[in-house]
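Q: Please find one structure pasted underneath; my questions will follow.
The values are calculated or read from the model by the stated rules, or taken from the named source; none is laboratory data. Just so it is clear, the structure is predicted and the values come from calculations on it, not from any experiment. Cβ atoms come from the backbone with ideal geometry, glycine included; neighbour counts cover every protein chain shown. Remember, those area values only see protein heavy atoms, side chains included, never the ligands or the DNA or RNA. Shrake-Rupley method; radii C 1.70, N 1.55, O 1.52, S 1.80 Å.
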Amino acid sequence: MQAKLGAHVKQVIQVLVHLPAHSQMGSVLSYWSEQAPTPGSLVRVPLGQRELLGVVWDGPAAAAQLPEPEKLRPLAGVLDGIAPLNAVWRQLLQFSASYYQRSIGEVVLAALPPQLRELSAVQIGRRLKRQTLADPPSTPTPPDFEPVALTPDQLQVLAEFEQDRKPGLLFGATGSGKTEVYLQLVQRLLARSPQAQALVMVPEINLTPQLEARFRARFAPRFGQQALVAMHSGMTPAQRLHSWLAAHSGAARIVLGTRMAIFASMPSLQLIVVDEEHDPSYKSQEGARYSARDLAVYRAQLEGARVMLGSATPSLESWHHSRPEGGRYTRLTMASRIGRDASPADGQARLSAQPDGLPQVRRVDMNHQPKHGVLSPPLLEAIAQRVARGEQSMVFLNRRGYAPVLHCRDCDWKSECPHCSAYRVFHKIDRTLRCHHCGFTEPVPRACPACGNPDIAPMGRGTERLEEHLAELLADVRRPNTASALKPEGEPVRIARIDADSTRLKGSLEAQLAQVHAGDIDVLVGTQMIAKGHDFRRITLVAAVNPDGALFSSDFRAPERLFGLLMQAAGRAGRDAGMGSQSEMWLQTFHPHHPLFAALKRHDYPAFAQQQLQERAQAAMPPFSYQALVRAEARTQDIAQGFLSAASAAATTTALAELLEQVSLFPPVPMSIQRIANVERAQMLVESGSRLALQKFLGAWQATLQALRTQPAGRGLIRWAIDVDPLSI
Ligand code: ADP
Ligand code: ZN
Ligand code: ZN
């Protein structure tokens, strides 16, 4: 709809647009319009020769610079087929932008489906029409939900959660029935209220199909297929627009998505579920580095909705917030796994969960094993036995490729990346050296590039080499032959590898997983990709080949991540009938008595968390303090660090100095991978005991940093950014 020109009264309208980061204009622009569209309306505005999507804005950001009215241009049109984004949504976005120190225009426009930017009002109108037509007429008598006999744990958790208003932290092992609790929460909500919407979040796209199938099976018969939409970055632009419109119009009652879904416009949102709440994927690593988990808690409060976080190994932050004395969250515990024989089809006699359903943890002391062996003899023997019995094993190693380094023993040459401060990884499959940071790839040299020695050798091992190694070591082992009686002696072992390399092609991960599920694979080798979420029922052995790295890492969150990963991997084992107690998790370690492994052996997350939180409290680290990182990138380390030093110095000489009583600035340091693609990277830690003080400081400091860019200290700087509540330091 064109705004009519030549009007008597010109209303000045503030519109949010997304402009490139280096633009000097800010992200709130002024236009005139005859009728003032409601705040939150989607509009098109002219900018130079282009026309951009914008959102009519109000609030503090709109008090931006006002040019003289006669210089204003009119709005190009209002997308009036789409209801304005409501005030709560706008507040969520305003908060996100200010908390994570980004421009509001960037954050708002990034939260909208990309196709909205490209389609005209007419095209969007057509989409909307098609979408409403596709909605099936609701059946006059929708079928009732099939009753599920809940376990006492589940009933208790639901009752407690419904009693209070606080965010819930559902703490329960894999297989303890958490997903059923989420289903129940959604089911009860939708049954209670004819409009209410629920948002269910999962950390990774790979995990959405499984959960989506379960939600669809439960809700589609009653509410129609349209009632549930997915939202993640693996969808096509058209699919994303479809889901977004369905959520925004209220037609979708359930939105299931990854972190981006936290910004979905859902006018009747009443419940948010964050599954695997500890997962680092909830934190964005680019643009506004928001934590969808933290925003879920904020949004629920804003909307007056309930929020349930769930995990077998909660983040230490959430665990701390749910402490019994004085925590902001309610901790809800489900102690034991549900036995497979508890399924309703079997009747309800054995509904009680099995306390012994978790795999036994075995530590192999690598100090007493043959040197340089990848797999210790006892582990190999255990795997061989499983193969012979027709059971599956999963071996994981967090390093893909064949070997992390190629090495010349004569002159000590190593396969460094010329563009990064990192080694290029040897991939045997296509005989390349590949940099996992910048992507630089070259064929493996025939001889040492430095001294000509033809005998350069791989050093260390990755998943590719582990797979090859296992194939050699298990060459004589036979799997039972179930398919044909012609070969009673059995068939050779079948090994598969799943990692980012083996799953590059679309659909290949699904195909590989299907093979595992079908029982065609005896041993599965992979990176943490295989430890997460996938429900491998027939796996009775899980092994972590080399988990020690994280024990002594400089990153204080490394032990937390390792524990979560190992617990999750252990949760993969023995989910099939009666196998829980026979299944095993093996750890090869040089530190078998490390408290982390001791806690893992007892499946004792609370003990692990308590010990970690004590350490964090003593060192005043999160969650007992609040952090932000300022990162700078430049052609030289000097320039990057120089910028940060100047920013630091400027803070002490301006009005900010007063806030520095509560905020500490640490000296700039090179990042752990100092150079990527010929760009030098440095960072500076900002810390405070008060979240509010840190926020105030960062908010005020932004302008200083921005101004520095144009001064000598900013010369040669490529970019800088703030990461609030960073996950890795
Ligand atoms: P989690 O999400 O904690 O891993 P799930 O909800 O997936 O646990 O439950 C594990 C298994 O137990 C699933 O196969 C699920 O169908 C089954 N299950 C969950 N709750 C019940 C119940 N009340 N009765 C019978 N089976 C259940
Ligand atoms: Zn050499
Ligand atoms: Zn590189």
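Q: So if I restrict to the alpha-carbon atoms in segment 466-572, what is the Rg, and what is Dmax, the biggest pairwise distance, in Å?
A: In Å, with Rg to one decimal and Dmax whole: 16.2, 57.
Q: Related question: Placing +1 at every Lys and Arg Cβ and -1 at every Asp and Glu Cβ, with all other atoms neutral, what dipole size does segment 504-575 have around its Cα centre, in debye to the nearest 20?
A: Roughly 180 debye, rounded to the nearest 20.
Q: Please find the FRET efficiency linking E491 to R188, where r is the Cβ-Cβ separation and R0 is fixed at 51 Å, and quote it to the nearest 0.05.
A: Calculated value: 0.55.
Q: Quick check: pseudo-label points 7 Å beyond the Cα along Cα→Cβ at I718 and E658, how many nm apart are they?
A: Once both label points are built, they end up 3.9 nm from each other.
Q: Given R₀ = 30 Å, FRET efficiency for Q614-V669 by Cβ-Cβ distance, to 0.05?
A: 0.65
Q: On to the next question. Using alpha carbon centroids, what distance separates segment 141-156 and segment 158-184, in Å?
A: Distance between centres, Cα-based: 14 Å.
Q: Which listed residue (L685, I729, A650) has the Cα farthest towards the positive end of the charge dipole for segment 584-729, taking +1 on Lys and Arg C-beta and -1 on Asp and Glu C-beta about the Cα centre?
A: A650
Q: Using a Förster distance of 25 Å, how high is the FRET efficiency between L727 and L302, based on the Cβ-Cβ distance and rounded to 0.05?
A: 0.60
Q: Greater than 29 Å separation of Cα atoms is the criterion. Which listed pairs, K166/K601; K166/K696; K129/K166, meet it?
A: K166/K601; K129/K166
Q: Treating only the Cβ atoms of Lys and Arg (+1) and Asp and Glu (-1) as charged, compute the dipole magnitude of the chain about its Cα centre; round to the nearest 20 debye.
A: Using Cβ point charges on Lys, Arg, Asp and Glu, the chain gives about 1100 debye.
Q: Still on this structure, please answer the following. Suppose the chain between Q131 and A707 were pulled fully straight at 0.36 nm per residue; how much longer would it get relative to their current alpha carbon spacing?
A: My answer for the length gained is 202.6 nm.
Q: Could you give the size of the charge dipole of segment 540-641 about its Cα centre, using +1 on the Cβ of each K and R and -1 on the Cβ of each D and E, expressed in debye and rounded to the nearest 20?
A: That gives a dipole near 140 debye.
Q: How many nm is it between the label spots at F556 and C411, if each spot is 7 Å from the Cα in line with the beta carbon?
A: 4.5 nm
Q: While we're here: For the chain, give the percent of accessible area contributed by carbon and sulfur heavy atoms, probe 1.4 Å, rounded to a whole number.
A: 53 percent
Q: Cα-Cα pairs above 20 Å in segment 596-729: how many percent?
A: The calculated P(r) of segment 596-729 puts 51 percent of pairs beyond 20 Å.
Q: Taking every Cα atom in segment 214-328, find the radius of gyration and the maximum pairwise distance Dmax, and write them in Å.
A: Both quantities, over Cα of segment 214-328: 15.1, 48 Å.
Q: Less than 16 Å apart at the alpha-carbon level, and either on another chain or at least 8 residues along: which lysines does that give for K532?
A: Cα-Cα hits under 16 Å: K178.
Q: Within segment 387-407, which residues have the backbone N less than 13 Å from the label spot 7 Å out from I429 along Cα→beta-carbon, could you tell me?
A: 400-403
Q: Starting from 0 in steps of 10 Å, tell me what percent of the Cα-Cα pairs of the chain lands in each bin.
A: 3, 12, 20, 24, 21, 13, 5, 1, 0, 0
Q: Determine the equivalent ellipsoid of segment 540-664 by diagonalising the alpha-carbon gyration tensor, then write out the semi-axes as square roots of 5 times the eigenvalues, largest first, rounded to whole Å.
A: Three semi-axes, in Å: 43, 18, 12.
Q: OK, next. Identify, among L295, L116, A550, the residue whose Cα sits farthest towards the positive end of the charge dipole of the chain, taking +1 on the Cβ of Lys and Arg and -1 on the Cβ of Asp and Glu, with the dipole about the Cα centre.
A: Checking the options against the dipole of the chain, the answer is L116.
Q: Moving on. Under the Karplus relation 6.51 cos²θ - 1.76 cosθ + 1.60, θ = phi - 60°, what is the ordered set of whole-Hz ³J(HN,Hα) values for segment 229-244, x standing for Gly and Pro?
A: 10, 9, 8, 7, 6, x, 8, 6, x, 5, 5, 5, 4, 4, 4, 4
Q: Taking the alpha-carbon centroid of each part, what is the distance from segment 704-727 to segment 644-663 in angstrom?
A: 14 Å
Q: Assuming 0.36 nm per residue, please report the length gained on full extension of the stretch F590 to C451 beyond their Cα-Cα distance.
A: 46.5 nm
Q: What residues have an amide H closer than 5 Å to that of I272, excluding those fewer than 5 places away on the same chain, when H is modeled at 1.01 Å from N in the peptide plane?
A: Answer set, sorted by chain and number: L199, R306, V307, M308.
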